[in-house]
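The values are calculated or read from the model by the stated rules, or taken from the named source; none is laboratory data. Treat the numbers as computed from the prediction; the structure is a model and nothing was measured. Don't worry about glycine lacking a Cβ; one is built from the backbone with ideal geometry, like all the others, and counts go over all protein chains shown.
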Amino acid sequence: MDNRIQEAVDLFQEVMIYGTERVIKSVDHPLWKEYSPEQIQLLKLISKEKQVTSARLAVMQAVHKSAISSRIKKLLQKEVIQIVETTDRREKLLELTDKGQTILAELDKVLTDYLEKLMSENIADEEIDQFLTIFRKLKTIIKMDGV
């Protein structure tokens with residue numbers, strides 16, 4: 001395997017792991033204390049999918065269904081998600097409530113503001129353009145893979 005690919009994978013994983021930790025420690029906002037990183041990611045996934053089953057969320061977060069059930073229960077209690085009944089009574093879909101959409105928009109704004117400051121101080125515009133080009137391409141490739 002090309003060593004550059006291995007390095008890219010390693011760097012990506014490190015940025016995701018340590019970057020998430022740094023953001024959590026650095027972003028000072030009440031919502032970041034009220035919702036766990038896993039709950040925030042779950043809200044983002046539900047938002048992207050519009051309506052989604054808990055089984056699919058478990059696969060997407062790479063955790064056991066019991067972990068997803070616990071997160072879903074907490075988010076239902078906070079009234080940021082709701083269950084949508086379908087014609088198949090066995091299948092229950094989850095979607096964001098209006099409150100959930102508002103909370104997620106605020107969380108996204110706080111995160112974007114923080115990352116914008118971090119990047120504008122340390123990364124040139126051309127590098128941001130290169131990053132976007134590569135990640136758009138990766139997103140297309142991954143979606144073509146049937147994910």
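Does segment 30-43 contain any residue that is touching a Pro at 6+ places or on another chain (Cβ under 8 Å), closer than 30 Å to M119 by Cα and not hydroxyl-bearing (S, T, Y)?
no
Evaluate segment 116-136: report whether one residue or more is surrounded by 15 or more Cβ atoms within 10 Å (Cβ to Cβ) and in a loop (DSSP other than H, G, I, E, B).
no
What number goes with the only condition from (1) free of Cβ contacts under 8 Å to residues at least 40 places away in the same chain; (2) among the polar types (S, T, N, Q); (3) not in a loop (DSSP other than H, G, I, E, B) that Q101 does not pass?
(1)
Can you go through R4, R22 and tell me which one is among the basic types (K, R), surrounded by fewer than 10 Cβ atoms within 10 Å (Cβ to Cβ) and free of Cβ contacts under 8 Å to residues at least 24 places away in the same chain?
Testing whether each residue is among the basic types (K, R), surrounded by fewer than 10 Cβ atoms within 10 Å (Cβ to Cβ) and free of Cβ contacts under 8 Å to residues at least 24 places away in the same chain leaves just R4.
Considering every residue within segment 74-88, establish whether at least one is assigned to a loop (DSSP other than H, G, I, E, B), in contact with a helix residue (DSSP H, G or I) (Cβ under 6 Å, 6 or more places away or on another chain), at pLDDT 95 or above and more than 28 Å from M16 (Cα to Cα).
Checking segment 74-88: at least one residue is assigned to a loop (DSSP other than H, G, I, E, B), in contact with a helix residue (DSSP H, G or I) (Cβ under 6 Å, 6 or more places away or on another chain), at pLDDT 95 or above and more than 28 Å from M16 (Cα to Cα).
Taking the condition of being more than 19 Å from D98 (Cα to Cα) and in a helix (DSSP H, G or I), how many residues in segment 33-45 meet it?
3
Kindly indicate which of V59, V23, V52 is under 23 Å from V110 (Cβ atoms) and within 17 Å of the chain's Cα centre (by Cα).
Going through V59, V23, V52 in turn, the sole match is V23.
For segment 89-104, how many residues meet the condition of being modelled with pLDDT of 90 or more and surrounded by 11 or more Cβ atoms within 10 Å (Cβ to Cβ)?
Qualifying residue count for the region: 11.
Take segment 78-105 and flag every residue that is among the hydroxyl-bearing types (S, T, Y) and over 19 Å from A58 (Cβ atoms).
Selection gives T87, T97, T102.
Find the residue count for segment 46-72, including only residues that are under 23 Å from E21 (Cα atoms), assigned to a helix (DSSP H, G or I) and either in contact with a strand residue (DSSP E or B) (Cβ under 7 Å, 6 or more places away or on another chain) or among the β-branched types (V, I, T) (or both).
5
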